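Below is one structure, written out as structure tokens; comments come after it.
Coordinate-derived values only; no laboratory data. These figures come from a predicted structure and were not determined experimentally. Here the Cβ is made from the backbone with ideal geometry for all residues, glycine too, and neighbour counts use every protein chain on show.
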């Protein structure tokens, strides 16, 4: 099965990369963009077909290795 | 309105970052992970409420500035 872990900065955490994109777009004439936030999307191809097992494993992986729980939150989508 | 642009490597394009994550996870004892692919998730807060206008603008931005069309594909989700 496939699963996608999305890692985003928490609300209120400054995103310099997003701000850089926003400024670049404004300079290029794209108006009406109030905010840009950049995150990661990590797609897993898993041998297991057991959704709850996959979610438990990915939740542990995301919490320990993919996201920094101080400033980031993550979300798991099974497909 | 909010919109999310997802940028992924095209099928068949080597993903060294994903392979590094996969190897690390195998070393840490996580088995049954066949493949890991890393992509970007860019969230936009837009002033416009016009979905088709937002999609046209973001499609141009993604194609020109966020994705490398030779090796990456993108997808737009309006929220």
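Quick notes on this structure:
- Hydrodynamic analysis of the range A:2-78 uses the Kirkwood radius over alpha carbon pairs. Inserted into Stokes-Einstein at 37 °C and 0.692 mPa s, it gives a translational diffusion coefficient of 232 µm²/s.
- Nitroxide proxy distance, nm - points 7 Å out along Cα→Cβ at residue A:45 and residue B:79: 3.0 nm
- To the nearest ten degrees, helix A:51-61 and the longest principal axis of the Cα atoms of chain A are 60 degrees apart.
- Bins of 10 Å from zero: percent of alpha-carbon pairs in the range A:23-65: 20, 31, 15, 21, 13
- Between 0 and 90°, nearest 10: helix A:16-27 axis offset from chain A longest Cα axis: 40 degrees
- For residue A:27 and residue A:72, a Förster radius of 35 Å and the Cβ-Cβ distance give a FRET efficiency of 0.80, rounded to the nearest 0.05.
- Convex hull of the protein assembly as shown built on C-alpha atoms - directionally averaged projected area, nm²: 9.8 nm²
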